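First the structure, in the form of structure tokens, and then the observations on it.
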Amino acid sequence: MKDKKKLHSAALASVTIVLFLFVFSSAASASIADNSHDVTSTNIGIETRITTSESEQSYPAIYENRIVWMDNRNGNWDIYMYDSSTSKEKRITTDESEQSYPVIYGNRIVWQDDRNGNYDIYMYDISTSKEKRITSNSSDSVWPAIYGNKIVWMDNRNGDYYYDIYMYDISTSKEKRITTDGSNHQEPAIYGNRIVWDDDRNQNADYKTDIYMYDIFTKKEKRITPDESYHYAPAIYYNKIVWQDDRNGNYDIYMYDISTSKEKRITTNSSTSDNPVIYGNRIVWTDNRNGNNDIYMYDISISKEKRITSNSSNSVWPAIYGNKIVWMDNRNGDYDIYMKRLK
């Protein structure tokens, strides 16, 4: 999706989000108030509005009971966290620069930060309330992901017009360059010893990209997508890699099983399905088949699809952990963070 690619590139450079306002409309359901958060019960699960500030809250991530997002209520983008087990919110960053695109694993929150005049990767330890700067060169280090003690990101220190994938080991405080071929590598994700990203080294005139995987233990790289279509926004969980793919004339969600080397098409409608994420047997993505963006889920174990959101607003950028799905939603005029706990 070329326009979407440009939007993401612009977001990385200036942290600008294009927001669309829609009138809130929801399907008939029973709603109750709970600590100032709207709670709605449906046959799919219980939906909760996490943020109620009249500012923009965007790009959520989740680990266990903790949800993090970027929030501009203070006049710049800060990182905030909400604990669903205690219903308490916490502001993580207080610097007046821009902190954006947070991710979380365990007690660690990681984000990109421009307080030094370029984008660096920063980390916050929830257990110690201490912040740490991970990158310190003058290039832009953006779009982080974390798993265990490993942080990965895209970094343009080797050329202004392309990004490489880098990795930092928190336990050893050592950094490693993962890609060295001189092409553009974007949107890394990590699970266990495997890192995935989209890569334009095989591009044709349309600037198509492939999904690549790197094994930290074996130090071997593998091309996952062999055809000449556009593959974008990979996510990984255990042996499964998912991404968005335009080989059918629109964007579909595809999945690759590392253990069997087999690929499977997940969505088959003619709408745009993008930004997939995966946890266990569940794949979640944004889908515009209903004239607006909704969140959909596919259960790999039973090969069934389920619509998660059904209002007329834009519900985008999902994340999932266990039976909890979070996303950003503009049903209230600006973007808020919502969560659905599946039954």
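The values are calculated or read from the model by the stated rules, or taken from the named source; none is laboratory data. Only a predicted model underlies this, so the values are computations on that prediction, with no experimental measurement involved. Note that we place each Cβ from the backbone using ideal geometry, even for glycine, and neighbour counts take in every protein chain shown.
Structure values in brief
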{"quantity": "Candidate set from region 209-218 (those that are surrounded by fewer than 19 Cβ atoms within 10 Å (Cβ to Cβ) and more than 19 Å from Trp153 (Cβ to Cβ)); member that is nearest to the chain's Cα centre (by Cα)", "calculated": "Phe217"}
{"quantity": "Residue match in region 175-184 (condition: in a strand (DSSP E or B), within 24 Å of Ile62 (Cβ to Cβ), at pLDDT 95 or above and out of contact with any helix residue (DSSP H, G or I) (no Cβ under 8 Å at 6 or more places or on another chain))", "calculated": "no"}
{"quantity": "Candidate set: region 334-343, residues that are part of a loop (DSSP other than H, G, I, E, B) and in contact with an Asp or Glu (Cβ under 8 Å, 6 or more places away or on another chain); chosen: the one surrounded by the fewest Cβ atoms within 10 Å (Cβ to Cβ)", "calculated": "Asp334"}
{"quantity": "Condition check for Trp243: closer than 19 Å to Thr179 by Cα, touching a His at 6+ places or on another chain (Cβ under 6 Å), buried (at least 24 other Cβ atoms within 10 Å of the Cβ) and in contact (Cβ under 8 Å) with a residue 12 or more places away in the chain", "calculated": "no"}
{"quantity": "Residues of region 174-211 satisfying the condition of being under 13 Å from Ala235 (Cα atoms) and basic (Lys, Arg)", "calculated": "Arg194"}
{"quantity": "One residue from Ile62, Ile50, Ile67 being at pLDDT 95 or above, closer than 25 Å to Asn293 by Cα, among the aliphatic types (A, V, I, L, M) and more than 15 Å from the chain's Cα centre (by Cα)", "calculated": "Ile50"}
{"quantity": "Failed item, numbered, when Lys222 is tested on (1) assigned to a strand (DSSP E or B); (2) touching a residue at least 12 places away in the same chain (Cβ under 8 Å); (3) more than 15 Å from Glu187 (Cβ to Cβ)", "calculated": "(2)"}
{"quantity": "Some residue of region 307-317 being in contact (Cβ under 8 Å) with a residue 60 or more places away in the chain, among the aliphatic types (A, V, I, L, M) and assigned to a strand (DSSP E or B)", "calculated": "no"}
{"quantity": "Residue among Ile325, Ile320, Ile283 that alone is part of a strand (DSSP E or B), farther than 18 Å from Ile190 by Cβ and out of contact with any Ser or Thr (no Cβ under 8 Å at 6 or more places or on another chain)", "calculated": "Ile325"}
{"quantity": "Those residues of region 265-299 which are of a type in the set (Lys, Arg) and surrounded by 15 or more Cβ atoms within 10 Å (Cβ to Cβ), in sequence order", "calculated": "Arg282, Arg289"}
{"quantity": "Strands (runs of 3 or more DSSP E) (entirely within region 84-143) containing at least 3 residues that are under 24 Å from Met328 (Cβ atoms), touching a residue at least 24 places away in the same chain (Cβ under 8 Å) and not aliphatic (A, V, I, L, M)", "calculated": "99-105, 108-113"}
{"quantity": "Selection count where residues are in contact (Cβ under 8 Å) with a residue 40 or more places away in the chain, buried (at least 19 other Cβ atoms within 10 Å of the Cβ) and within 23 Å of Asp125 (Cβ to Cβ), scope region 156-198", "calculated": "7"}
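Okay, residues lined up against (1) out of contact with any His (no Cβ under 9 Å at 6 or more places or on another chain); (2) among the aliphatic types (A, V, I, L, M); (3) within 19 Å of Ser138 (Cα to Cα):
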site: Arg157; (1), (2), (3): yes, no, yes
site: Tyr162; (1), (2), (3): no, no, yes
site: Ile165; (1), (2), (3): no, yes, yes
site: Asp169; (1), (2), (3): yes, no, no
site: Thr172; (1), (2), (3): yes, no, no
site: Arg177; (1), (2), (3): yes, no, yes
site: Asn184; (1), (2), (3): yes, no, yes
site: Pro188; (1), (2), (3): yes, no, no
site: Gly192; (1), (2), (3): yes, no, no
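Per-residue answers, yes or no, for (1) surrounded by 19 or more Cβ atoms within 10 Å (Cβ to Cβ); (2) closer than 21 Å to Val277 by Cα; (3) in contact with a Leu (Cβ under 9 Å, 6 or more places away or on another chain):
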site	(1), (2), (3)
Trp69	yes, yes, no
Arg73	no, no, no
Asp78	yes, no, no
Tyr82	yes, yes, no
Thr86	no, no, no
Glu89	no, no, no
Thr93	yes, no, no
Ser97	no, no, no
Pro102	yes, yes, no
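Per-residue answers, yes or no, for (1) assigned to a strand (DSSP E or B); (2) among the acidic types (Asp, Glu); (3) touching a Lys or Arg at 6+ places or on another chain (Cβ under 9 Å):
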{"residue": "Tyr232", "(1), (2), (3)": "yes, no, yes"}
{"residue": "Val242", "(1), (2), (3)": "yes, no, no"}
{"residue": "Asn248", "(1), (2), (3)": "no, no, yes"}
{"residue": "Tyr254", "(1), (2), (3)": "yes, no, yes"}
{"residue": "Thr260", "(1), (2), (3)": "no, no, no"}
{"residue": "Glu263", "(1), (2), (3)": "yes, yes, no"}
{"residue": "Ser271", "(1), (2), (3)": "no, no, yes"}
